[in-house]
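See structure below.
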Amino acid sequence: MTTKFTDASRVRIDVHAHAFTPEFTRVLRKNVSRPLAIRSIWEWDESRFLGEMDRWGVTLQVLSLPQMYEYFDWGNRQPAVEMSQVANDEYAEICAKHPERFRMFASIPMMDPDQACKELERARRLPGFSGITLCTHIRERALDEPEFAPFFAYANASFLAMFLHPLERPLPKEWNVYRLDHLIGLPVDTTFALSRLALGGFFDKYPNLKIIAAHVGGAIPFLARRIERAFREGKSEYKPSHYFGQLFYDTAGPTDEAIVACVARMFGSEQIVFGTDYPFGLGQEGKQYTEHAVGVVQESGLSETDLAKIYGGNARQLLHIGQL
């Protein structure tokens, strides 16, 4: 694959980027007793992040913490509040220092809906706030459980962008080989979560939420028509594809250029946003994730106008980002 750079690709807004910041990592290690598999290349390093962004022409990254709820505990909810606040404050410092290079999706302590609303209200005033990040489930509790309704009602009234990232869950032991629980299990969880929300009336109840589905929405583009067969058993006003067409799909994965083109054909290029999953994928065999994300968009066969939307135009409008 030969990556070509064109005028349309000059502004690249990466909506799917992660960083483990120093104080958050310290607080995390204090509150979590089990070993943490946090690699040094995942930790915040200003010069490395900016250097990689410049190398691949990424204008701005929207930082978020991946799989945040993996570290929370229903039996002890206070650490979730502390970790969310520390993470949001550190991201805000980065955004304040480099307002033209970084923004953030705030972490929310969903274990306690009252505290979740309070932290959202606080985070909205922080530099670089662009929305929130949530996982596909809250420690095995679905997002449409009644206990989370007060938070989503509050978020809906705020017209928020919500970055939805998958979270691992217990799977049959046969899955736990060759990293299939991760490589297949995560996109499957995204597919399940979005399908449940679409069929259960979640999007009818909270129509103002603007959801970014990580990793091209899992298997949603491929299974959308099949999922519609559950419409009769569901509670939604419309068939699932109606809601799937209102989601935003990021280009992280790694995925394939044909899949990017597929999503554009099914839902429109205006529903695709550029995402890399940086710094994950660094040091592994083959292309690292940022290089791959640039390549699959560039080689998708879409028009220059569509590329401009995907690389930056759609995210700029969705996240209210001014001129860069």
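Given all pairs of different Cα atoms, what value in angstroms does the Kirkwood hydrodynamic radius of the range 258-324 take?
On the way: mean 1/r = 0.0789 Å⁻¹.
After inverting the mean inverse Cα-Cα distance, the result is 12.7 Å.
Evaluate the relative contact order of the range 3-153 (contact order divided by residue number), counting alpha-carbon pairs under 8 angstrom at least 6 apart; express in whole percent. Each step should come with its number before you reach the end.
Details: 202 pairs, mean separation 35.2, N = 151.
Relative contact order, the range 3-153: 23 percent.
Compute the distance from the alpha-carbon center of the range 209-230 to that of the range 69-96, in whole Å.
Centre-to-centre distance over Cα atoms comes out at 29 Å.
Can you compute the charge dipole magnitude of the chain about its Cα centre, using +1 on each Lys and Arg Cβ and -1 on each Asp and Glu Cβ, nothing else charged? Give it in debye, rounded to the nearest 20. It would help to have the intermediate numbers written out before the result.
Details: 36 positive and 41 negative charges, 72 e Å.
Result for the chain is approximately 340 debye, rounded to the nearest 20.
Trypsin sites (Lys or Arg not before Pro), restricted to the range 8-85: which are DSSP loop and have at most 14 other Cβ atoms within 10 Å? The partial results should precede the final answer.
On the way: sites: 10, 12, 26, 29, 30, 39, 48, 55, 77; in loops: 10, 12, 39, 77.
Passing sites in the range 8-85 are 10, 39, 77.
Restricting attention to the range 110-216, which trypsin sites (Lys or Arg not before Pro) occupy a DSSP loop and are surrounded by at most 12 other Cβ atoms within 10 Å? Please report the intermediate quantities before stating the final value.
Details: sites: 118, 122, 124, 125, 139, 141, 173, 179, 196, 205, 210; in loops: 124, 125, 139, 179.
Within the range 110-216, the qualifying trypsin sites (Lys or Arg not before Pro) (loop, at most 12 other Cβ atoms within 10 Å) are 125, 179.
Once P(r) over Cα pairs in 20 Å bins from 0, in percent is worked out from the coordinates, which option in [x] 25, 34, 16, 11, 10, 4, 0; [y] 33, 61, 5; [z] 33, 58, 9 does it equal?
So the structure-derived entry is [y].
Shape of the range 197-247 from its Cα gyration tensor (a ≥ b ≥ c, root eigenvalues): rounded if a/c is under 1.5, otherwise prolate when a/b > b/c, or oblate?
Details: a/c = 2.32, a/b = 1.07, b/c = 2.17.
Judged from the Cα gyration tensor, the range 197-247 comes out oblate (a/c at least 1.5, b/c at or above a/b).
Full-extension gain between residue 121 and residue 238, please, as 0.36 nm times their residue separation minus the C-alpha to C-alpha distance. The partial results should precede the final answer.
Details: separation 117, 0.36 × 117 = 42.12 nm, distance 3.16 nm.
Answer, rounded to one decimal: 39.0 nm.
Mind jotting down a quarter of the surface of the convex hull over the alpha carbons of the range 126-192, in square nanometres, one decimal? Show your work: numbers first, answer last.
On the way: hull surface 23.5 nm².
With the hull built on Cα positions only, its mean projection is 5.9 nm².
Tell me the carbon and sulfur percent of the accessible area for the chain, rounded to whole percent, probe radius 1.4 Å. Could you put the intermediate results ahead of the total?
Values: 7250 of 14460 Å².
Roughly 50 percent, rounded to a whole number.
Specify whether the C-alpha gyration tensor of the range 110-243 places it in the rounded, prolate or oblate class, a ≥ b ≥ c being the square roots of the eigenvalues: rounded for a/c under 1.5, otherwise prolate if a/b is larger than b/c and oblate if not.
Values: a/c = 1.86, a/b = 1.28, b/c = 1.45.
It comes out oblate by the Cα gyration axes.
Return the distance in nm (one decimal) between the two label points of a simple spin-label model at residue 41 and residue 246, each offset 7 Å from Cα along Cα→Cβ.
It works out to 4.0 nm between the two label points.
Please compute the per residue accessible area over the chain with all protein chains in place, 1.4 Å probe, rounded to a whole number of Å².
Values: 14460 Å² over 324 residues.
Normalised by residue count, the accessible surface of the chain is 45 Å².
Name the shape class, rounded, prolate or oblate, that the alpha-carbon gyration tensor gives for the range 84-144, where a ≥ b ≥ c are the square roots of its eigenvalues, rounded holds for a/c under 1.5, and otherwise prolate holds if a/b is larger than b/c and oblate otherwise. Please report the intermediate quantities before stating the final value.
Details: a/c = 2.77, a/b = 1.99, b/c = 1.40.
Judged from the Cα gyration tensor, the range 84-144 comes out prolate (a/c at least 1.5, a/b above b/c).
Positive end of the charge dipole of the chain (Lys, Arg +1 and Asp, Glu -1 on Cβ, about the Cα centre): tell me which of 274, 262, 251 has its Cα farthest that way.
Toward the positive end, the furthest listed residue is 262.
Near the amide H of residue 273, under 5 Å away, which other amide H atoms are found, from residues 5 or more places off or on another chain, if H is placed in the peptide plane?
Excluding prolines and chain starts, which carry no amide H, the hits are 249, 250, 251.
The values are calculated or read from the model by the stated rules, or taken from the named source; none is laboratory data. This structure is a prediction, so every number in the text was calculated from the model and none was measured. Cβ coordinates were reconstructed from backbone atoms using ideal geometry, including for glycine residues, and neighbour counts include every protein chain displayed. Surface areas here come from the heavy atoms of the whole protein model, side chains and all, with no ligands, DNA or RNA. Shrake-Rupley method; radii C 1.70, N 1.55, O 1.52, S 1.80 Å.
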